[in-house]
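Comments concern the structure below.
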Amino acid sequence: MFRVIAALVAPICFAASAQAQTVGIVTTPAGSFSNSAGQAIAKVLVDKAKLRAVVQAQASTGFDEVETGAADFNLTNSFDGTFYTTGTGEYQGQGAKPTMRYAGALIPYRVAMHVRADSPIRTIADLKGKRVSSEFNAQKTIARIIEAHLANAGLTWKDVNGVPSPNVVRQAEDFMSGKVDVMFFALGSAAIKQANAAVGGVRVLEVDTAPEAIKRAQALIPGAYVIQVAPHPSIEGVSKPTNLIAFDMVLMTNAKVKDDVVYRTVKALHDNKQDLVATFPPFALFQPQNLGKPLQDVRFHPGAEKFFKEAGLLK
């Protein structure tokens, strides 16, 4: 039993020393893009900031844990960070969260709808009448992102056959088992690699870059933008330069987290890109000079703001 517990804990817990300050980082489930990114961040915090970092993989977004102080940071996307802090979007009616703070922008989530390589589905518009994972009660932001992809092609949830799924990892399992016809995921995720091997290859569906099509997507995910992705051995499903939707991964925290902890965290991230890449290759897209990119309607944590000013990242 001890060996089993140790095997489960080891991948998500990095310890520098018993005396080090402990910080908790909440991510989505193991195998997800943010969880892999969280593992890379935790290792850098241990090695470079001399913090003891514990990655907490959960089915939910992790906002509540940060807001209540049960965790120090969570990794999320830019628009969901704004929605939660301001009590809008999926959090409408829950009230604003005045203690939430922003610690910095990390890497773009390059997201896509994936189908089997031999699927007759060639475009997002072809998803009309097909089985698409829906609801995502534990991760409502995923339903919004999928809806934005549908909107890009002029479709709505009424045009597809929704198959309820609690979170992004479960919908990947449903895709591999044949319960749904398409899988949403961020490029570079472990789940895509698993699905690619399980179904004999995957293929991404390109988004429509017409201005009106992009506006339909942005109406659902503010701050989203189009990014062209070139073929690369580390990216499954992309065989030619392909236009996809992207938005920023951001690091959220709480005003009660010590300034020194947040300062050391963002400094370690800014100064150690290669270490991040060594653990999680998608960090090759990380631009340290953009770490201080503002987030709509969310205040910087004082510890982050102090470092950004020292580093010349804030105007």
Q. Do we have Val169 as assigned to a strand (DSSP E or B) and β-branched (Val, Ile, Thr) here?
A. no
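The rows are residues; the columns are (1) part of a helix (DSSP H, G or I); (2) touching a Lys or Arg at 6+ places or on another chain (Cβ under 9 Å); (3) in the same structural domain as Gln228 (by TED's automatic domain parsing).
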site: Thr253; (1), (2), (3): no, yes, no
site: Val262; (1), (2), (3): yes, yes, no
site: Lys267; (1), (2), (3): yes, yes, no
site: Asp275; (1), (2), (3): yes, yes, no
site: Pro282; (1), (2), (3): yes, yes, no
site: Lys293; (1), (2), (3): no, no, no
Q: Go through region 192-238 and give me each residue that's over 18 Å from the mean Cα position of the chain (by Cα), of a type in the set (Lys, Arg) and surrounded by 14 or more Cβ atoms within 10 Å (Cβ to Cβ).
A: Arg203, Arg216
Q: Exactly one condition in (1) among the small types (Gly, Ala, Ser); (2) loosely packed, with under 15 Cβ neighbours inside 10 Å; (3) at pLDDT below 95 is not met by Ala138; state its number.
A: (2)
Q.
Six or more apart or on different chains, Cβ atoms under 7 Å: show the pairs whose first residue is in region 263-278 and among the small types (Gly, Ala, Ser) and whose second is surrounded by 17 or more Cβ atoms within 10 Å (Cβ to Cβ) and not in a helix (DSSP H, G or I).
A. Ala268/Ala49
Q) Out of all the residues in region 1-48, which are modelled with pLDDT of 50 or more, small (Gly, Ala, Ser) and within 23 Å of the chain's Cα centre (by Cα)? A) Gly24, Ala30, Gly31, Ser32, Ser34, Ser36, Ala37, Gly38, Ala40, Ala42
Q. Is region 145-165 home to any residue that is among the basic types (Lys, Arg), part of a helix (DSSP H, G or I), farther than 22 Å from Gln296 by Cβ and modelled with pLDDT of 95 or more?
A. yes
Q | Tally of residues being free of Cβ contacts under 8 Å to residues at least 60 places away in the same chain, at negative phi and of a type outside the set (Lys, Arg) across region 173-204 | A | 8
Q: Looking for whichever is within 19 Å of Ile25 (Cα to Cα) and surrounded by fewer than 21 Cβ atoms within 10 Å (Cβ to Cβ) here; the options are Pro281, Pro241, Pro302. Which one fits?
A: Pro302
(Q) Report every pair of residues separated by at least 6 positions or lying on different chains whose Cβ atoms are under 6 Å apart, first residue within region 33-46 and touching a residue at least 40 places away in the same chain (Cβ under 8 Å), second acidic (Asp, Glu). (A) Val44/Asp275
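The values are calculated or read from the model by the stated rules, or taken from the named source; none is laboratory data. Here the structure is a predicted model, which is why all the values come from computation and not from measurement. FYI the Cβ positions are ideal-geometry reconstructions off the backbone, even for glycines, and counts take in every protein chain you see.
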